[in-house]
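Okay, so here's the structure we're looking at.
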Amino acid sequence: MQCCRTSRTPAAEMAPLSWKDALLSALDYKTEKYVIAKDKKVGLLYRLIQLFLIGYIIGWVFLTKKGYQETEESVESSVITKVKGVVFTNTTASGPRLWGPEDYVIPHQGEGVLFITTNFIETPNQKLGYCAEVEVPDGRCTENGDCAEGKTVVAGNGVKSGRCLRKEHNSTGTCEIYAWCPIERSHRPCVPLLGKTENFTIFIKNFIRFPKFGFSKSNVLETPKDTYLKRCSYDEVTDPYCPIFRFGDVVRRAGHDFQDMALLGGSIEVLIEWYCDLDRGYSACHPRYSFTRLDSSAAANVVSAGYNFRYAHYFKSASGQVHRTLYKVYGIRLDILVYGKAGKFNIIPTVINLGSGFALMGAVSI
């Protein structure tokens, strides 16, 4: 239905509008014209698109993505870890030894990143002195001139003394160095000496907080029973609120065999995810765990396989001379990451998503 405010002659229509007419035209109310098409195909297409959009708005926007909620992803988190278990070793270098968490867990403070030793190479009773360098390119020599005194051996273990040590006159030898002697002799271990760490337990305690909603929770079951943590073991179905994990199960959940990984070490990501629908209450917010191996040696036979580093224990002999025992340790590094997302009903996102839905419905006729 159309309505004209005044009737104009062709001549009047050609005349320019006065400022008064332009101002009054802003107050005109206009309606649309509708054309009904008697075509079943067009009508069916129109209704199908309408049903699709209604399903999208209700099913996807509101039910799946919870478009009626205000969300927050800036979760505040704290992680505390503790490892328990002891293992006995008896090697030629050090003899019988009992390893506890204070020996094989690094660092000892219980942080969100920890390293658990599963294998090691030991070089005992080193002391400062002169000895032959190992076979590295910068340590090889044929004469004393190749070993400039005071120069550090690149990728080596000490400082050159100026002497070239050779077995025969014309042979290639190695430079004499001032270092911790005897030098560590590199060789790959055949079996993980601390393979029994597979049965150790890892306690992962996680506190999270969503500051926008003032919501806090922990991944530990809230129970008055003091013996709960001494007996429980994590299971995603039967006991999802037990924060105690068997070390071997962590590696298995990452898709690898523990003994294979323990030989040369590796790196595993432990991801704790919190998806909290605060409209459903406190009890509807649960932690979800996933485990992924990160180091490249899991996928290919790379040159620098596994995960290892060195550290030393220093002591003094009866004569007062400083000695040390050098350890090259292999193990599994755990990186514990926390991700969270919380949502709660808010009228503003609800109105915005409803308005977007109505706009889409209005575009169907176009």
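The values are calculated or read from the model by the stated rules, or taken from the named source; none is laboratory data. It should be emphasised that the depicted structure is a prediction, and the values quoted were computed from it without experimental measurement. When we count neighbours, we look across all protein chains shown, and the Cβ atoms used for this are built from the backbone with ideal geometry, even at glycine. Side chains included, ligands, DNA and RNA excluded: accessible areas come from the protein's heavy atoms. Shrake-Rupley method; radii C 1.70, N 1.55, O 1.52, S 1.80 Å.
Here the dipole of the stretch 135-267 is about 500 debye; that uses its Cα centre as origin and unit charges on the Cβ of Lys and Arg (positive) and Asp and Glu (negative).
Between helix 40-55 and the chain there is an angle of about 50 degrees, using the helix long axis and the longest principal axis of the Cα atoms. Its alpha carbons give the stretch 98-190 an Rg and a Dmax of 17.8, 56 Å. Out of TRP99, LEU45, VAL75, whose Cα points farthest toward the positive end of the dipole of the stretch 8-115 (charges: +1 Lys, Arg; -1 Asp, Glu; placed on Cβ)? Projecting each Cα onto the dipole axis, the largest value belongs to LEU45. Averaging Cα coordinates gives a centre for the stretch 307-354 and one for the stretch 192-211; these two points are 11 Å apart. Using a probe of 1.4 Å on the protein chains alone, the accessible area found for LYS127 is around 90 Å².
Taking packing as the residue-averaged number of other Cβ atoms within 10 angstrom, the listed peptides 277-287, 61-71 run from highest to lowest as 61-71, 277-287. Helix 347-363 axis versus longest C-alpha principal axis of the chain: approximately 60°, rounded to the nearest ten. Per the Cα gyration tensor, the stretch 89-140 maps to an equivalent ellipsoid with semi-axes of 30, 18, 11 Å, ordered largest to smallest. In the complete set of protein chains, residue-level accessible area for PHE213 is approximately 40 Å², probe 1.4 angstrom. In whole angstrom, how far apart do the alpha carbon centroids of the stretch 15-79 and the stretch 161-179 sit? Result: 85 Å between the Cα centres.
Relative contact order (percent) for the chain, with alpha-carbon contacts under 8 angstrom and 6 or more residues of separation?
Values: 663 pairs, mean separation 74.5, N = 366.
Relative contact order, the chain: 20 percent.
Measuring only protein heavy atoms, the 1.4 Å probe finds TYR56 accessible over about 100 Å². The spacing between the stretch 281-297 and the stretch 219-241, judged by their C-alpha centroids, is 17 Å. Per residue, the chain reaches -5000 deg cm²/dmol at 222 nm when only DSSP H runs of four or more residues are counted, each adding -39500 (n - 2.57).
A Cβ-based charge dipole, computed about the Cα centre of the chain with Lys and Arg at +1 and Asp and Glu at -1, lands at about 780 debye. Put GLU73, GLU176 in order of accessible area, highest first, and with a 1.4 Å probe you get GLU73, GLU176. Placing +1 on each Lys and Arg Cβ and -1 on each Asp and Glu Cβ, with no other charges, gives the stretch 228-300 a dipole about its Cα centre of roughly 240 debye.
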